[in-house]
Each structure stands twice: as structure tokens, then as C-alpha cells.
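The values are calculated or read from the model by the stated rules, or taken from the named source; none is laboratory data. Please read these numbers as outputs of a predicted model, since none were measured by experiment. Quick reminder, even Gly has a Cβ in these numbers, built from the backbone with ideal geometry, and neighbours come from all protein chains shown.
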């Protein structure tokens, strides 16, 4: 990155907007994410030529067309694999993956988990709207049981995935969750993910006004969010409710639960996303499913070796030990003989 | 066993074919490999045919567990691993039962008599012991107690505990190798130094194997059961430095050479699959060349990672066999749309589905040509022999880089695993590869990623990190003005489809025209092949001409686009016969292009053609002209 290179012109968010007309539906949460991203890149001094957006297929995957950076709009589900190849070939680039709940968790589930466990230096933005938008309204792998949609007129019957739980199980070193409508939190979470060395998964709860409007009202509706959402802040006790009168406390078997009353406030757990053991982060990712609030923020942030750095280091070490390859010598290695 | 006391004679042969067969744990592939190197070092021309079961260790002693290795070595230029072996070494009854049929009448048969226990004889499905029931009388049978002779030779090692009995017994393949090497007047030096290097940390293992090897040789020399010793003098090969090489290794080195010549980083994304995995193994060893290998989570990711690396400016390669290529189809289509350079190596095997993983077949030609949704033409290149895989891999990479297109490279299980002497090319003579990556905008208004070269129609390759050239690529249809922007215009789509085809077709303008081998210029029959069948076809044509037939030969390495002159050649002979290890895929292509009633000789038994069967097929067709 050339962020500190003073000779380069200072860019503003318009410099990151391509000349293409943005074609999401009116009111789509993607607009807010796009605007936040363009401002964020300008503010952090990113260079368009060093930045690449790789996407799969779906509404969210149109994102690269609207960014004045390098970009690839690829194949349904395959963006993490394609981005991995790019990152391995060019570790110095700043690579973002833009994907959705269907793209990342249904057709592309395999690639997502492997990019996470390898810890490829990718910032993965998973726009979760709990519905298939581009194919016009079928339920998705994150839709709650009973979702009535085009393909499930009598309600969906399969158990949804939680992106954060899945990522933690896949050894992700960074897992965050944020909301399209909370510009400040969204930008802060993007910044933390972007600064993280290795794979960073950010689930962005994104409203689809056409097929699944209000899916996340529990954390966007002013009347509900205090009681039904939990904002995670590193080093702070995990409290929620308008009066901050409820706390996340330790439960049996390594889990967490909601505690109420003065006693519970004293037992409130302090949020620590940097714990090496992912058990607590996993328990937090299950909180809503277990009847608690929906946590927003960084669930996990730990450091471990970055895949492509290790790969390149192995190449460089071999070259240091064996010298850079000599093609002539390679062809003549082993048993050869001369015919005159 | 004959107890003839006549003096031993040395017989000079122009060529010989040996097949080693045994249990998959008996080390037959290694034995064959070692004998191959001995023959190569002795200056013979040679061709090999390894054949092994798909199971890693099928039950011992069963027909399913038999592994074999055949080679022909000769004092003249040869093109096939030989039709019927002159010598068969069978380490157990199952190996005998499976391979005896191939042995030529009166051929030499060496068996390990220790392995012919009642149990093993039953397991192989024999009613009676073939060594005792007279059924092998027509052969020159040598029933040698290979196992017990090896154990006796290695007693010093088992007595003092340097080897246990199992380890000692394992050296019986070296005893067999020593015996056969003696029969063909081979020097054991190369194998001894190979053993010393291979087991350099286990001196006891080296010593024991050398003892077994020499014991085998000494056995041949002292027993009087072998009346003849053979000599196959060196072949008159073209001057140069030679080595032995398999198709997979040659392909791997071809990619390394191409990246080196192009000044690009080689990225290889692959998922393990028989028979292509050896290319991944080889390249992962060659990190000193800056090669970045990536073992992906699946075939789709392997192809995807290569495409990502191609966007990043690397020489990107992915590989698989048929089932994996089927999975990569969508990515190859995207690479066709994005017009990014990338090589997809398909080491073909028996299909469909899992098919015959360890057997050879040429049945992915149509998959290579058409196996994508929509109109998605890509160049297809095939290797014609093990060493030719170096050239073919290099050529595929060159076409990909210079034309900004995915290119399919076809090998097959036979080429991949078999080996031949290779006259090493001069590295400086390799054709240059010019990536010519874009460094600045191509119009005064900015960069147009699809503004094409007017001659080649190739688009610029601008890699991330280049200021001012930021652009977006995708799988949606592009407008025709070069911006790469999405267009849903109906007429534009038609034009773009035609343009992408034209781009691939124009590559033929820059390829040399096809060469048809027709020495008399009056051939009645044109024999056509592609890929790995070149050896058998060349051998067949030589025999047909020796028999006075007027035949021409045309062999294709470029399957798409076809070189100029192919259609004309097909139209200009009274009969055309395409021989291929599928049900007529190239034949259908040529028929469709020329409307000529091209005939096919097709066999898919998992084994390469023999010269003899092609002679028969050609002769039959020539009869029609009488």
C-alpha cells in the first residue's frame, strides 16, 4: 500500500466510484454499504490500482462494477477460491471478496470455509439478507425455519446456518457482524477487518426491501434494538437493554446466557475477541438462537500466519538454500547420456 | 527346466519386449523403471507401458492386485512399448494368469516358483498348478525359486538382525532384475548407484538390495538353464544429450520453461486426482523456480485459483483428469469471457464418471472442444509422446499468454506414466513468449480492457497494481466497443460470440500448416491420429509400407484450431481412417468439417493401440479399394 506516499494525490470517495450506473432496487441496503466502502477507502488512503474486489453471483456481487478499482465479477460461490489464487500470485494487493448468504453459504460454502481456515489475506464481506434476491425471492441458507417464500409456500423446513458460527468452526481468525443502516458501526467494523492480517469475515445484515423487508428490525428498529441487540465492545462488559440492566454471563458447559438483576450485572462477562480459544466467541454467535439478543461487533480477532505469506516464504527459503532454478540444469538433472 | 549342456550363445537382437508382472506390493513398477534406465543408458531407443490397479493394495495374490510394467527397447527407432512380450516375468500365479496370454508363442517365461503354493494357485483361479500340469510347455519356462534364493542370499542380513524376513523378502524384485539384466547383457552399475542415492540414509538396505541384484545376475550366469544371452545394441539416435522422461514430468517442466521464458511466475492450482497428481508433486518440488503450487479444496477451486492468479499476471495452470475437468467447465467458460490466459491440463483416463482411473483413454476430446455452456471455443493442444509433453505444455502456455485465452492441454494416462528417451532441447532455442502486459492507457480517454489487437483480436492484459488501468471483468456479455461494460443488446451478443470464435480461429494463421507424411505422393489411405497414438500409428505405417501398401499419415497435436491443410488432406485421399482410443470423436469432427466419410478405428480397453491391430485395420480398409 502507498497510503503514506505523500506524492500521490489525495483521493476522495468519488474517485472510488466507477462510471457505471448503480442498479440495485430503490432502498436496497447495498447502497449504504457501497457508499461506506467508497468513503472508507478514500479515508484510509487506499489506491485504486492496488485494490481488487472479487465477487460471485447475486445482487451483492454486482458490487465490483461500481468500484473504480480492479475487479472480478465471477461465478456463483467461487469468489473466495478465485481471490485466493489472486492473493497467492500477488500478496501485496488489497483483496476484498463481496458475497451474499446464498453465494457464500450455499453454493460456495466449501470455498468460504477453506479460505478462512487457510487464513488467506482477504476481507470478506458477506451481505446477509436471509433471502435470494437476484432469482426473485427464494429462501436462503440463513432464512429462519418457516420462511414463506417463492419456493416454500408452506414455509421452509431446513435449519439455517449462522455465518459467524460457521466461520468460527472453520478456524476464522477474524469474525465480525455489522448492519447496513449503521454507517458508523459498519465503517468501524470494515476498518478492523481490513487492518486484520489474514482472512476477515464480516457479516453485514443487509435489508432487502423487495423480498425480505425488515428482516433485521430487531437491531435496526429504534424501539427494539436496545432490548434485542447486543453491541460488543472489546474490553467492555457485555450489557444490553435501554437501561443496560441485562448482562451476558457465563452458563454451564462453556456457554453464555442472559442474566438479569444486580447480581447478573456483577457477573457480566467482559468482551474479549482476542481469546485464543474460540469457545466464547462461538457461544456468543449462538446467543440469538438460544433466545438472547443478536450480538453486533467483532466476535473474534486473533493473529495467526497468513497463508500466502507462508507460501511465498517457503519459495524464498528454497531459493536461498538451493539457488534460483536453472532450467538447463533441471533438464540435465539425474541420469543423462550422450549420443554422438 | 532344461538341463542342456550345450555352450551358451549370445544372440544379437534389434529389439526386445519384456513385461514384469507381480502383486502391487512386489515392486514391479520400480523394477521396470530400473530396467528402463539400464536400457536407456545402454543407448537403446525404448518405450514403456506401466499398468497398475486403481486400488493401492488390492488383496495379495489376486488378479485384481496384479501390477505390470512393459517396455520395448531396441537398436532402432521404435514407437510403441511393443505388442507381444518376448519375456514375461511373473512373480505369482495371478500375474501369470493375467499376462500369459500376451506372451508371444515360445517366449521366455520366468516365474517365482516359491509363489506357486496351493493357496496362491487357487486364488488365481487355476484348477491345477500350471507349473506342473504341462500347460506352459510351449514356452521357454524358467521356474526359479526367486523368493528363497533371495532369502538365502540375504541370510547374513537376517541372521544379525539388520533386516527382518519381510524386508529381506522384499528384495526379490532386485533378484529378478539382476537375472533379467544378465539375460540382456546389462551393466548393473546404474541401478547400484541409484540404490545408493535412493536409500542413502539406510546403508543396510542399499547393501542388501545390491546383494540381491548381484545374486540374480550370478544365478543366471552359473545355472545352465539359460541357453541364450541377448544383446540389443545401441540405437542410432540423433546426436545429443538424452534423458528418460515421463509425460507428466515433461509437462511439469514445460510449464516451468514457459514461465521462465515469459518472465512470469508459475501458479499451479490443482486437486489430487489419478493420473494427474504427479504433475502437482513435481511442481511442488520445484519451488526454486519460484513456482507457487496450491493444493485446492476441490477441482472448482483449483480452476478458480488459477483464474485469479491469471488476473494477477501469473502464468496460471490447473490440471485434472476427466471428472475434474467436468467440474472446471464453468471456470473455463468464465476465463473465455474474461479472455485471461490459463492452461487447463487434462490427463485423460477411462470414463465416464470414475470409469477406469488408472487406464488410458482419449475420450475427453469432445469435452475439451465443447464442454462448456454457450459458445465457448478455446484452443486445444495434445501431446503426442511422453517427451513431447514438454513441447505441448510450452506451446499451450504460449498460446494462452499471447492470445489471452484459456487453453486445454490433453495428455492421457499412457503418456503421463510411460517414459521414453528425450533428446534435450537447447533452452535458448525455445520460442519466445511475449506476455506484453499493458502498462498505460490505450486511448486518450482512458483504458479500454477489450480494445483488441486488430490482427490477433487479443485484448490487453492489464494486471492489478498498474496505475490508471483499473477495470472490471465479469462473465456477463460485454459491449462491442472495448470498455468491458455489460451489454444486453441482442445484436451485440451475436457479434461478440462470433468475435470470440474468430479470435481462436485466427490462431491457425500463425501456426505452421499440417504436414502429411506421404513419401510417394500416391497413397490410397490416409491414417489420422491425435495425441498419444502417434507411436503405434507410426509403427503401423512403417509396416504397411514395408508390405507394399501406399499409405499416408497425418498426426494432430493442435485439435483446435486445426492447422491449415487438415481439411484438404482429408478430402484428398480415397480412404481416411482415424484411429483413436474413444468411439470416434476426432472422426466426427473431421466428418462434420469435410462431409467426407471418414472411417474410425476405435478401441477403449484402457490400453494403448498396438501397431499390429492398426495394420490389420488399415489393411481391411485398403481391401475395399481392390
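Could you tell me whether any residue of the stretch B:123-133 is touching a strand residue (DSSP E or B) at 6+ places or on another chain (Cβ under 8 Å) and closer than 30 Å to residue B:388 by Cα? The answer is no, given that none of the residues of the stretch B:123-133 is touching a strand residue (DSSP E or B) at 6+ places or on another chain (Cβ under 8 Å) and closer than 30 Å to residue B:388 by Cα.
All told, residue B:252 falls short of being in contact with a strand residue (DSSP E or B) (Cβ under 7 Å, 6 or more places away or on another chain) and either crowded, with 23+ Cβ neighbours inside 10 Å or modelled with pLDDT under 95 (or both). Number of residues in the stretch A:31-55 that are facing chain B (nearest Cβ under 10 Å) and either under 22 Å from residue A:137 (Cβ atoms) or outside any helix (DSSP H, G or I) (or both) equals 6. Answer with yes or no whether residue A:255 is surrounded by 15 or more Cβ atoms within 10 Å (Cβ to Cβ) and in contact (Cβ under 8 Å) with a residue 24 or more places away in the chain. It is true that residue A:255 is surrounded by 15 or more Cβ atoms within 10 Å (Cβ to Cβ) and in contact (Cβ under 8 Å) with a residue 24 or more places away in the chain.
Go through the stretch B:458-501 and count every residue that is in a loop (DSSP other than H, G, I, E, B), exposed (fewer than 15 other Cβ atoms within 10 Å of the Cβ) and more than 13 Å from chain A (Cβ to nearest Cβ). So the answer is 2. Exactly one residue among B:312, B:333, B:329 is crowded, with 24+ Cβ neighbours inside 10 Å and either modelled with pLDDT of 95 or more or more than 7 Å from chain A (Cβ to nearest Cβ) (or both), and that residue is B:312.
Assess whether residue B:298 counts as being surrounded by fewer than 21 Cβ atoms within 10 Å (Cβ to Cβ), out of contact with any strand residue (DSSP E or B) (no Cβ under 7 Å at 6 or more places or on another chain), facing chain A (nearest Cβ under 7 Å) and touching a residue at least 24 places away in the same chain (Cβ under 8 Å).
Considered against the rule, which asks whether it is surrounded by fewer than 21 Cβ atoms within 10 Å (Cβ to Cβ), out of contact with any strand residue (DSSP E or B) (no Cβ under 7 Å at 6 or more places or on another chain), facing chain A (nearest Cβ under 7 Å) and touching a residue at least 24 places away in the same chain (Cβ under 8 Å), residue B:298 comes out as yes.
Out of A:50, A:60, A:55, I need the residue that is surrounded by fewer than 22 Cβ atoms within 10 Å (Cβ to Cβ) and touching a strand residue (DSSP E or B) at 6+ places or on another chain (Cβ under 7 Å). Which one? So the residue among A:50, A:60, A:55 that is surrounded by fewer than 22 Cβ atoms within 10 Å (Cβ to Cβ) and touching a strand residue (DSSP E or B) at 6+ places or on another chain (Cβ under 7 Å) is A:50.
Among the residues of the stretch B:568-593, which ones are within 21 Å of residue B:611 (Cβ to Cβ), touching a helix residue (DSSP H, G or I) at 6+ places or on another chain (Cβ under 7 Å) and free of Cβ contacts under 8 Å to residues at least 60 places away in the same chain? Those that are within 21 Å of residue B:611 (Cβ to Cβ), touching a helix residue (DSSP H, G or I) at 6+ places or on another chain (Cβ under 7 Å) and free of Cβ contacts under 8 Å to residues at least 60 places away in the same chain: B:575, B:576, B:577, B:578, B:579.
Among the residues of the stretch A:34-43, none qualifies, meaning not one is crowded, with 19+ Cβ neighbours inside 10 Å, under 20 Å from the mean Cα position of the chain (by Cα) and within 27 Å of residue B:327 (Cα to Cα). Got a number for residues in the stretch B:55-87 being within 17 Å of the chain's Cα centre (by Cα) and either closer than 21 Å to residue B:356 by Cβ or assigned to a loop (DSSP other than H, G, I, E, B) (or both)? Number satisfying all stated conditions: 8.
Confirm whether residue A:66 is touching a strand residue (DSSP E or B) at 6+ places or on another chain (Cβ under 6 Å) and buried (at least 18 other Cβ atoms within 10 Å of the Cβ). Considered against the rule, which asks whether it is touching a strand residue (DSSP E or B) at 6+ places or on another chain (Cβ under 6 Å) and buried (at least 18 other Cβ atoms within 10 Å of the Cβ), residue A:66 comes out as no.
Take residue B:444 and decide whether it is free of Cβ contacts under 8 Å to residues at least 24 places away in the same chain and either farther than 22 Å from residue B:333 by Cα or touching a strand residue (DSSP E or B) at 6+ places or on another chain (Cβ under 6 Å) (or both). Give the steps one after another, and end with the answer.
Values: free of Cβ contacts under 8 Å to residues at least 24 places away in the same chain: yes; either farther than 22 Å from residue B:333 by Cα or touching a strand residue (DSSP E or B) at 6+ places or on another chain (Cβ under 6 Å) (or both): yes.
In short, yes.
Among the residues of the stretch B:490-501, those that are closer than 17 Å to residue B:452 by Cα and free of Cβ contacts under 8 Å to residues at least 60 places away in the same chain comprise B:492, B:493, B:495, B:496, B:498, B:499. Among the residues making up the stretch B:337-366, those that are in a strand (DSSP E or B), within 14 Å of the chain's Cα centre (by Cα) and more than 21 Å from residue B:601 (Cα to Cα) are B:345, B:346, B:347. Output the residue which, of all residues in the stretch A:70-91 that are in contact (Cβ under 8 Å) with a residue 24 or more places away in the chain and within 7 Å of chain B (Cβ to nearest Cβ), is surrounded by the fewest Cβ atoms within 10 Å (Cβ to Cβ). Checking each candidate, the answer is A:88.
Let's see how each residue does on (1) under 22 Å from residue B:64 (Cα atoms); (2) assigned to a loop (DSSP other than H, G, I, E, B):
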{"residue": "B:119", "(1), (2)": "yes, no"}
{"residue": "B:132", "(1), (2)": "no, yes"}
{"residue": "B:141", "(1), (2)": "no, no"}
{"residue": "B:148", "(1), (2)": "no, no"}
{"residue": "B:151", "(1), (2)": "no, no"}
{"residue": "B:163", "(1), (2)": "no, yes"}
{"residue": "B:167", "(1), (2)": "no, no"}
{"residue": "B:177", "(1), (2)": "no, no"}
{"residue": "B:181", "(1), (2)": "no, no"}
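Against the conditions (1) surrounded by 18 or more Cβ atoms within 10 Å (Cβ to Cβ); (2) out of contact with any strand residue (DSSP E or B) (no Cβ under 8 Å at 6 or more places or on another chain); (3) within 18 Å of residue B:573 (Cα to Cα), residue B:553 satisfies every one except (2). Scan the stretch B:195-210 for residues that are touching a residue at least 40 places away in the same chain (Cβ under 8 Å) and surrounded by fewer than 20 Cβ atoms within 10 Å (Cβ to Cβ) and report the count. Adding up the residues that qualify gives 3. Where helices (runs of 4 or more DSSP H) sit wholly within the stretch A:258-340, those with at least 2 residues that are within 14 Å of another protein chain (Cβ to nearest Cβ) and buried (at least 17 other Cβ atoms within 10 Å of the Cβ) occupy A:307-322, A:327-331.
Kindly evaluate residue B:504 against the criterion of being away from chain A (no Cβ under 14 Å) and either touching a strand residue (DSSP E or B) at 6+ places or on another chain (Cβ under 8 Å) or in contact (Cβ under 8 Å) with a residue 12 or more places away in the chain (or both). So residue B:504 passes the test. Out of A:9, A:26, one residue alone is free of Cβ contacts under 8 Å to residues at least 12 places away in the same chain, more than 25 Å from residue B:330 (Cβ to Cβ) and not in a helix (DSSP H, G or I). It is A:9. Only a single criterion out of (1) within 14 Å of chain B (Cβ to nearest Cβ); (2) in contact with a strand residue (DSSP E or B) (Cβ under 9 Å, 6 or more places away or on another chain) is not satisfied by residue A:110, namely (2).
Matching residues to (1) at pLDDT 95 or above; (2) within 14 Å of chain A (Cβ to nearest Cβ):
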| residue | (1), (2) |
| --- | --- |
| B:2 | no, no |
| B:7 | no, no |
| B:44 | no, yes |
| B:64 | no, no |
| B:85 | yes, no |
| B:95 | yes, no |
| B:110 | yes, no |
| B:115 | yes, no |
